Amino acid sequence: MATRDRDTNGQPMVRLDKINLSFGENHVLQDLDLTVAPTEKVVIIGPSGSGKTTILRVIMTLNRPDSGYVVIDGRHLYHEEKNGELSPAREKHVRDVRTDISMVFQHFNLFPHMTALENLTLGPMKVLGLSKEEAEERGIELLEQVGLGEKAGHYPGYLSGGQKQRVAIARSLAMRPKVMLFDEPTSALDPELVGEVLAVIKDIALQGETTMMLVTHEMGFAREAADRVLMFDGGNIIEEGTPEKILREPTQTRTKAFLRAVLSH
Amino acid sequence: MIFVFAQSQGWSWDMEYALEILPAIARGLWQTVVATLVGITIGMILGLILALLRRSEIRIVRYPAIALIEFIRSTPLLVQLFFIFYVLPNFGLTLSPFVALVVGLGVHYGTYTSESYRAGIDNVERGQWEASTALNLSTTTTWTRVVLPQAIPTVIPALGNYLVAMFKDAPLAIGIAAGGILLAAQSIASRTFQPVEPYTVMGLMFLAVSIPSALFVRYLERRYGYER
């Protein structure tokens, strides 16, 4: 995958520029710079509490950075450009840029009072302006893509964890995002259900078009599907490279220690 | 048994008289029921509005809402009814006794239901809000399609309890000469000088409505009370 041709001179899909974010005393992101190319698949690894999830949350606007810039496909997320000057963006602008981004959560966060299909059609109808028929047709298609066509009328309470997460992934896809963020998508699952979810994510990765950023501890997945692996610790990226390089020949002591801990269990 | 005891104490129970006054007291009961139903409707709508205002991020919206809720919860309903009926006309707002009653009941209970709504809204998981952001839903869609449909079922048992409580408060209508079961019983008693039958019939009618209502509320609690 790492050898796939990519126009590296073009505009990045995601650019983080000197992002800082603290929760009280805890400096979670420290002058973080990160660039992700269009269609690139990036896996972020690192010890828990290191703030790797926060990177995704900042891009999804769930946590606003204290300072720094986020640029999505050439447009500032938190700022508006007027006469060459940047000012804090109004809600309307944030929503506008946010249409490019979607996120899959560790705990799925499906809407429990809606069927699987209704979970998939709400966003497209309310945000993308699709008709009910269009949204349902596409919803069924996506449910079939994640292997859950026959569960369209089921409520989340009647689905297994793996099925819930697959519905949640389909719900994200329904918004046709350019960037998909996955926050530990298999961490809340029973071990025997991890495979079916990873298979669906790998499917999306192999289709190629979507830019993906994943926080995960699934090193096998990183090896097979990622273009680049980022090792995150202490508020910043301490090492990055192709999966082969990071997983086989890490140079940083902290990366080596982390990989030993993850791979040995 | 109570009647036997009462009679032994020199009281008397005139069944014919009791049946004769029954329709008049039943009409009073009907007025009380109608006032309660209108009052709880106002209370449920106002409560939701107050709960949303109280959650506003804008201080000049939030603080007055908090002040109003705390002020109304700290004063008795009867005093509020007197204020609405006897004081507001001085500011050019004259309400009929019935309207004053349902407004009083609705506003008073609206402050209580608002707290129930607030708890129901706070109980909606943070992940639901985050998923709404991730789907880029507007604030309105997030509230109407995601948050309130999950919050309101959990509030329904509390609203049922307030309905029963309001029904028992509605006879305060007598303070502002609004019709109702207590006024009906009282006017019979003061006309005939036989208070035992009208007030006893009234009490029995209250039980006849309150007990089924309480059972209904218990059913609501079973139906909606648990996390699904």
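Please treat every number below as a calculation from the coordinates, not as lab data. Everything quoted here is computed from the prediction, not taken from an experiment. Counting neighbours? That spans all protein chains shown, and the Cβs are built from the backbone with ideal geometry, glycine included.
On the basis of the beta-carbon distance and an R0 of 45 Å, B:W30 and A:A188 show a calculated FRET efficiency of 0.20. Per residue of peptide B:135-148, the mean number of Cβ atoms on other chains within 10 Å of the residue Cβ is 5.
Helix B:148-169 sits at what angle to the longest principal axis of chain B, using alpha carbons and giving 0 to 90 degrees rounded to 10? The helix B:148-169 is inclined about 20 degrees to chain B.
Loop-located GluC sites (Glu not before Pro) across segment A:201-265 with a Cβ neighbour count of 15 or fewer within 10 Å are A:E209, with loop assigned by DSSP. Neighbour counts of other Cβ atoms within 10 Å put B:L207, A:L181 in the fewest-to-most order B:L207, A:L181.
Ordering B:Y109, B:Y224 by the number of other Cβ atoms within 10 Å of each residue's own Cβ, fewest first, gives B:Y224, B:Y109.
The helix-based estimate of mean residue ellipticity at 222 nm for the protein assembly as shown, built from -39,500 (n - 2.57) per DSSP H run of four or more residues and divided by its residue count, is -17500 deg cm²/dmol to the nearest 500. The Rg/Rh ratio for segment A:170-265 is 0.97, where Rg is the radius of gyration of the alpha carbons and Rh is the Kirkwood radius.
Residue by residue along A:50-61, Cβ atoms of other protein chains within 10 Å of the local Cβ number 1 on average. Among the listed pairs A:K151/A:K178; A:K164/A:K202; A:K151/A:K202; A:K126/A:K178, those with a Cα-Cα distance over 23 Å are A:K151/A:K178. Residues of segment A:38-81 with the amide nitrogen closer than 12 Å to a label point 7 Å from the Cα of A:R254, along Cα-to-Cβ, please. Taking a point 7 Å out along Cα→Cβ of A:R254, the residues of segment A:38-81 whose backbone N falls under 12 Å are A:46-52.
Of the beta bridges in chain A, as assigned by DSSP with both residues counted there, near 60 percent are antiparallel.
Placing dummy labels 7 Å off each Cα toward the beta-carbon, the span from B:V124 to A:H154 is 2.6 nm. Taking square-rooted eigenvalues a ≥ b ≥ c of the alpha carbon gyration tensor, is segment A:50-200 rounded, prolate or oblate, where a/c under 1.5 means rounded and, failing that, a/b exceeding b/c means prolate? Verdict is oblate for segment A:50-200.
With the simple model of a label 7 Å out from the Cα in the direction of the Cβ, A:V262 to B:F216 spans 5.9 nm. log10 I(q)/I(0), Debye, Cα-only chain A, no solvent, q = 0.13 Å⁻¹? Debye intensities relative to I(0), on a log10 scale: -0.88.
With a 10 Å cut-off around each Cβ of A:92-105, the average count of Cβ atoms from other chains is 2.
Work out the charge dipole of the protein assembly as shown with +1 on the Cβ of Lys and Arg and -1 on the Cβ of Asp and Glu about the Cα centre, then indicate which of B:Q194, B:L81, A:A37 is farthest towards its positive end. So the residue we want is B:Q194.
The ranking of B:Y162, B:Y219, B:Y117, B:Y17 from fewest to most other beta carbons within 10 Å of each one's beta carbon is B:Y219, B:Y17, B:Y162, B:Y117. Across the protein assembly as shown, the convex hull enclosing all Cα atoms gives 231 Å³ per residue.
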